[in-house]
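Engineer: This is the structure I have questions about; it appears just below.
The values are calculated or read from the model by the stated rules, or taken from the named source; none is laboratory data. Since we're looking at a predicted model, the values are computed, not measured. Positions of Cβ are generated from backbone atoms using ideal geometry, with glycine treated the same way; all protein chains shown enter the neighbour counts.
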Amino acid sequence: MPTATVVTTAFIRPARLAARSLQVEDLPLIVTPHPLNDLEPAQVEDLARAVYPLIILHLTGQGVLDSTVHAPFEHPAGNAMTAGTDAEGGGR
């Protein structure tokens, strides 16, 4: 069953540790900025629109996600996240 794992930057390391303990070290992560609690509803919708194509791409097998893919979303507090990868899972 295909899955898409979405985490915020604060949870990359715990997600990697959990994946390793479940023997799925290559689990792709779609990463959003942290925190999310300060986003307005319209900003949450913008974030969802930014992440949605990555989820669909992965779930339908139309593309292979790298180990860590950052959602193309700029956090209003200035934590800019752009599409890209970070194999170590330390965020950008």
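Engineer: Is there a residue being basic (Lys, Arg) and at pLDDT 95 or above anywhere in segment 44-56?
Structural biologist: yes
Engineer: Sticking with this one: Across segment 1-14, what is the total count of residues that are of a type in the set (A, V, I, L, M, F, W, C), assigned to a loop (DSSP other than H, G, I, E, B) and in contact (Cβ under 8 Å) with a residue 12 or more places away in the chain? Step through it out loud before you land on a result.
Structural biologist: We begin by selecting, within segment 1-14, every residue of a type in the set (A, V, I, L, M, F, W, C); these are 1, 4, 6-7, 10-12.
Retained after the next criterion (residues that are assigned to a loop (DSSP other than H, G, I, E, B)): 1, 4.
Of the ones still in play, those that are also in contact (Cβ under 8 Å) with a residue 12 or more places away in the chain are 4.
Within segment 1-14, residues that are of a type in the set (A, V, I, L, M, F, W, C), assigned to a loop (DSSP other than H, G, I, E, B) and in contact (Cβ under 8 Å) with a residue 12 or more places away in the chain number 1.
Engineer: Which residues, taken from segment 20-37, are touching a residue at least 12 places away in the same chain (Cβ under 8 Å) and either more than 15 Å from the chain's Cα centre (by Cα) or over 17 Å from residue 72 (Cα atoms) (or both)?
Structural biologist: The answer is 26, 27.
Engineer: Which one is farthest from residue 28 (Cα to Cα) among residues in segment 38-75 that are assigned to a helix (DSSP H, G or I) and touching a residue at least 24 places away in the same chain (Cβ under 8 Å)? Lay out the reasoning, then the answer.
Structural biologist: Applying the first criterion (assigned to a helix (DSSP H, G or I)) to segment 38-75 yields 41-59.
Keeping just the survivors that are touching a residue at least 24 places away in the same chain (Cβ under 8 Å) gives 43, 46-47, 51, 54-55, 58-59.
Numbers: 43: 24, 46: 22, 47: 18, 51: 13, 54: 11, 55: 10, 58: 9, 59: 11 Å.
This residue is 43.
Engineer: Which of the residues belonging to segment 45-73 are within 24 Å of residue 13 (Cβ to Cβ) and more than 13 Å from the chain's Cα centre (by Cα)?
Structural biologist: 64 - this is the single residue of segment 45-73 that is within 24 Å of residue 13 (Cβ to Cβ) and more than 13 Å from the chain's Cα centre (by Cα).
Engineer: With respect to residue 17, is the statement that it is of a type outside the set (Lys, Arg) and either loosely packed, with under 15 Cβ neighbours inside 10 Å or assigned to a helix (DSSP H, G or I) (or both) true?
Structural biologist: Yes; evaluated as a whole, the condition is true for this residue.
Engineer: Another one. Applying the selection to segment 28-54, what residues are crowded, with 18+ Cβ neighbours inside 10 Å and under 17 Å from residue 2 (Cα atoms)?
Structural biologist: 28, 29, 30, 51, 54
Engineer: Against the condition at pLDDT below 90 and either within 16 Å of residue 4 (Cβ to Cβ) or touching a Cys at 6+ places or on another chain (Cβ under 7 Å) (or both), how does residue 68 come out, does it pass?
Structural biologist: no
Engineer: Can I ask one more? Quick check on this structure: which one of 74, 40 is at pLDDT below 90 and among the charged types (D, E, K, R)? Walk me through how you get there before you give the answer.
Structural biologist: Values: 40 fails: at pLDDT below 90.
Matching residue, one of 74, 40: 74.
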